[in-house]
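First comes the structure, then the notes that go with it.
The values are calculated or read from the model by the stated rules, or taken from the named source; none is laboratory data. It should be emphasised that the depicted structure is a prediction, and the values quoted were computed from it without experimental measurement. Don't worry about glycine lacking a Cβ; one is built from the backbone with ideal geometry, like all the others, and counts go over all protein chains shown. For accessibility, only protein heavy atoms count, side chains too; no ligands or nucleic acids. Shrake-Rupley method; radii C 1.70, N 1.55, O 1.52, S 1.80 Å.
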Amino acid sequence: MSAAATAPPTRFELVRPAGRAKGSFVCPMPAGLPRRPAPGVPWPKDLLAVVYRMADLSVGKRLARLRDIRDLTQEQLADRAGVSVDTIRRLEQGTQRGARIATYQKLAGALDIELARLLGQPTMTRSLAPDGGVIALRAAIQAPSDLPGLDVCGADSDAPGPDDLRPVMEQAQRHYRRGQFTDLVGMLPGLVTDLKAATREAEGGPDHDTVWSMSAAAHIIVADVAAQLGQTDLAYTAVERAMHATARAGDELRHALAVSTLSLVLLRQGRWSDAQQVATRRAAEIEPRLSDRDPEKFAMFGILLLSGAVSAARANRDESDSTKDDALTFLRQAEAAAALSGAVRVRGTAFGPASVGMQATTVQVSLGHPDKALATASGVNLDELPWKISRARHRLDLAFARYQTHDDEGARDVLLTLDEEHPEWLTHQMLAASTVGGLLETERRRDRDLRKLAVRLGVDPAA
C-alpha cells in the first residue's frame, strides 16, 4: 500500500477572529488535490477548503471571499451585477448599514450562487425532530415511485380517510402558524405519505375531491416551510404537487393559493420577475365581477395581488419608477378587494384590510422607503392579523425600518422580543440576520443579548 493511501486525513484549520478559540475541521482530502501547504503558503484559489471557513463570516466578508473565489475585482462584480462599486466596497469593509435584499440578489446572481449562501441562511431546523425531518420530508416529496412508470404501489386497504387526516392537518397548520418548524417538519413526512395512500384509495369515490384538496393544502405548507428553510428546490417540487392536487380536486380557490405560494418560492429563489408574473397573471384570470359578491373570491384575488406587489417591489432589475408604480398599483387593487371582502379566512389563509396594510409595509421596506413603511405600519391593527406568524413577520419589517432610520434601540428591542416569542422562525428569516449584522457594525458598547441573538442567527458577532 502506498504512503499516500495510508496518510491521515488532512485537517483544515478554521480561521477565527482574534480572541476566539481556534478550531479545526477534519475532512479527507479529495483525490488529486494537493496536501495542505507549508505555513505561510496560501491555499490555491480554487481549493474548496475556503468554503468551510465561510459560515463564521459577516455578509460583507462572505461577499469578499466569494468574489475572490470567482476571481473578480470589485469593479468587475459591480459591472456584472449592475450595482455600484461603492456599494460593494462599503459592504466588504463593513461601513454600510446593510443593503436591500434586491441588491444582495443581484450580487448573488452575478456570482452564480443562491442568495441563501451569500447571506448565510441556515438550511436546517433549530433542533432535531423526534421523527421525520428535512431529509425524510425530501424523501416523501421526491419519492421515485411518484415518477411515471415507476409506481410500485397497489391498493391501500388501510389508507386513512378524511376523518383520520383532518386532525393531523389541523395540527400541521397550528405548527405552521406558530413558526414551530421542528415539530412541523417532524410530522410532515408521515402526513405526505398518508395522503398519497389516501388519494389512491379515494380514486373515483365520494371522498375524491376532499382528499385531493387536503393533499394540496399539505403540499402548500411543505412548500412554504421548505422555502423558509432555504430548501427552494424541494419547495418548488412541493408547490408543483400542490397545483396538481388542486386540479384533481377541482378547487379553483386553493389553486390560486398554490400560485401565491409558487410566487413566494420564486421570490426565495431570487426570480422576482417570474414571481410577479405568475401571481398577477393568475389574478387577472380569476378576477371576480362586482356582481359576484363572493368574499372568498375577492380575498383570493387580493392575495394574488399582494404577491404581485411584493414581487414587483423586489424586482431584480435596475430601480425604475415603473417598477415602483407596478407595486403600488397592485397594492391599491388589493386594498379595493379587501374593502369588498372584509376580513375573511379562506382555504387555510386569511385576507382583509390588515393583511393589505401588513404587505404594504413590506413593499415600502423593499422599495427602500423606511419612513413610509413606519407610517404605513402605524395604521395596521395587529389584532386583525389572525396568525401569530403574520404578526411576527410584520414586526420584523418594522425592526428593519427602524434600523434603516437609525432607531437602533427600537430595532433591537423588536428583534429580541421576536426571539423570545418565535425563536425558531426568526432563525430562518434573512431580514433578521441582515438587520442584526447591521446593528453589530454600529454598536457603541458590547451588547451581550444582541450578540447571543447574532450567534443563533448565524451572524458572526466578532466579524
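At a probe radius of 1.4 angstrom, the accessible area of region 210-303 per residue rounds to 36 square angstrom.
In whole percents, the pair-distance distribution calculated for region 239-328 from its alpha-carbon pairs, binned every 5 Å from zero, is 3, 16, 23, 22, 18, 10, 6, 2, 0.
Measuring between alpha carbons in the structure, the pairs from K106/K297; K196/K388; K106/K452; K324/K452 lying more than 32 angstrom apart are K106/K297; K324/K452. The H on the amide N of E203, modeled in the peptide plane, is under 5 Å from the matching H of no residue at least 5 residues off or on a different chain. Amide H contacts of V346 (H built 1.01 Å from N, in plane; Pro and chain starts excluded): F351 sit under 5 Å, all sequence-distant by 5 or more or on other chains. Tell me the net charge near A245. Cut-off is 11 Å between Cβ atoms, A245 excluded, with +1 for each Lys or Arg and -1 for each Asp or Glu. Taking every Cβ under 11 Å from that of A245, the sum is +1.
So between E335 and A284, what do we pick up on full extension, going 0.36 nm a residue minus the alpha carbon distance?
Once the chain is fully extended between E335 and A284, it gains 16.8 nm.
The fraction of accessible area contributed by carbon and sulfur in region 325-451 is 44 percent, rounded to a whole number (1.4 Å probe; ligands and nucleic acids excluded). Calculated translational diffusion coefficient of region 320-411 (37 °C, 0.692 mPa s; Stokes-Einstein with Kirkwood radius over alpha-carbon pairs) equals 241 µm²/s. Take 294-301, 452-459 and order them by the average number of nearby Cβ atoms within 10 Å per residue, most first; the result is 294-301, 452-459. Of the peptides 344-354, 430-440, the order by per-residue mean of other Cβ atoms within 10 Å, starting with the highest, comes out as 430-440, 344-354.
Restriction of the chymotrypsin sites (Phe, Trp or Tyr not before Pro) in region 353-446 to DSSP coil positions whose beta-carbon has at most 11 other beta-carbons within 10 angstrom yields no sites. If the chain linking A139 and D233 were pulled fully straight, counting 0.36 nm for each residue of separation and taking away their Cα-Cα distance, it would gain 32.5 nm.
I'd like the carbon and sulfur percentage of the solvent accessible area for region 245-316, probe radius 1.4 Å, heavy atoms only, ligands and nucleic acids excluded.
Exposed carbon and sulfur together represent 43 percent of the surface.
Positive end of the dipole of region 184-342 (Cβ unit charges, origin at the Cα centre): among M243, A279, Q231, the Cα lying farthest that way belongs to Q231.
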